[in-house]
Amino acid sequence: MEGIIPIEVSLIDDVVFSGNMICKVADALKEKNIIVREVLSAIAVQENIDVIRDKGIDVKSAFYISNVLDEVCERDFYFGIAQSGQNELQPNGTVLKKPYFSPFGNAEDSASVPSEKVGEFSKECLGCSYELWNDIQNNSGRVVTNQDLPEKIFNTPYEQGFEVLPLLQQSVQNLEQ
């Protein structure tokens, strides 16, 4: 982009955890002749902000925290909520969402839940998800299916279609076996 003056911007993020996403965004913007000069955040993990600073980007945060094992967001523990869980890229290019609980994701790896507590933890998440989708179904007056979900969920029959509440009930039963 010769002859074009680069634009300088600041990125704003609620939490800077690993710094990897900020670096990916900065690299993508740089290809468009947009230079990220600083990152502003509410919270930053001290040990990980060097990844961003190594790219020449300043990081300013209201709070710096250290010795963090994991960062979680409440939505990651509900089935079918937009932007919840981890992205799982499939060989065909489809991106599936993996909530942080069984049988759709791995609570031990994703949310640092001790292995002996994964079953109990997952049942609680499934129960809360069931309550949420049951309320939505009752208030909307119609059955909630996978077509109503904002994203496709890992380890579900998303291609055939399914009703959400029976799937959640069956998942709890499978964990109890």
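Only the coordinates and a few stated rules stand behind these numbers; no lab work does. Given the structure is predicted, the values throughout are model-derived calculations rather than measurements. Glycine also receives a Cβ, built like all others from the backbone with ideal geometry; neighbour counts cover every protein chain displayed.
Tabulated data for the structure shown
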| read-out | value |
| --- | --- |
| Ile65 versus Asp14: modelled label distance in nm, points set 7 Å from Cα along the beta carbon direction | 1.3 nm |
| Using θ = phi - 60° and Karplus 6.51 cos²θ - 1.76 cosθ + 1.60, couplings along segment 6-13 (whole Hz; Gly, Pro as x) | x, 9, 9, 9, 10, 9, 10, 9 |
| Ile65 long-range amide H proximity, modeled H, under 5 Å | Ala44, Val45, Gln46 |
| Three semi-axes of the equivalent ellipsoid, segment 74-176, Cα gyration tensor, whole Å, largest first | 20, 18, 12 |
| For segment 34-176: relative contact order, % (alpha-carbon pairs under 8 angstrom, 6 or more apart) | 19 percent |
| FRET efficiency, 1/(1 + (r/R0)^6) with R0 35 Å, evaluated for Asp109 and Ile136 via beta carbons | 0.75 |
| Where Cα atoms sit under 25 Å apart: lysine pairs in the chain separated by 8 or more or lying on different chains | 17 |
| Segment Lys30-Ala82, extension gain: residue separation times 0.36 nm, minus the distance between their alpha carbons | 15.9 nm |
| Amide H contacts of Tyr158 (H built 1.01 Å from N, under 5 Å, at least 5 apart or other chain) | none |
| Residues of segment 117-152 with amide N under 16 Å of a point placed 7 Å along Cα→Cβ from Thr94 | 146-152 |
